[in-house]
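Computed from the coordinates by the stated procedures, all read-outs in this text should not be read as laboratory data. All figures in this text were calculated on a predicted structure; none of them were measured in a lab. Here Cβ is always computed from backbone atoms with ideal geometry, including for glycine, and neighbour counts include all displayed protein chains.
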Amino acid sequence: MRSRLPAAVAFAAILAAGPALAGPTCQNRAGAPARCGTAGAMPLGWTAPAEVREAAQPSALSTREVLCLIALVGAVFALIALMPKFDGRWDRQEGED
């Protein structure tokens with residue numbers, strides 16, 4: 001019973017907490033998010049026209065970029081696979097058991 005008490009208290013504290021509220025986000029002339037009140041930010045509630053928002057969307061990755069990303073992820077996995085085996089002891093010297 002005593003071991004469950006801290007877990008129950010933590011669970012109750014999480015349920016009692018209110019949601020975090022973020023400040024409003026404005027947009028710049030290109031339709032990208034910007035902090036309100038900074039240079040280039042439009043007034044709160046302003047939205048960019050549809051034509052501007054569509055033009056500001058990033059383009060899709062090219063085939064070469066996708067292949068480079070796959071090669072990079074493969075290289076990271078290869079480095080992980082080449083790591084020496086770890087048996088759980090950090091300070092073990094050679095010949096010790």
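Observations on the structure shown:
- Note on region 29-70: residues that are in a helix (DSSP H, G or I), hydrophobic (A, V, I, L, M, F, W, C) and surrounded by 10 or more Cβ atoms within 10 Å (Cβ to Cβ) amount to 7.
- Taking residues in region 28-44 that are more than 22 Å from residue 58 (Cβ to Cβ), and partners anywhere that are of a type outside the set (A, V, I, L, M) and part of a strand (DSSP E or B), the pairs with Cβ atoms closer than 6 Å and at least 6 places apart or on different chains are 36/26; 44/26.
- So residue 17, is it surrounded by 11 or more Cβ atoms within 10 Å (Cβ to Cβ) and within 26 Å of the chain's Cα centre (by Cα): no
- For the residues 41, 50, the requirement of being in contact with a strand residue (DSSP E or B) (Cβ under 7 Å, 6 or more places away or on another chain) and closer than 30 Å to residue 22 by Cα singles out 41.
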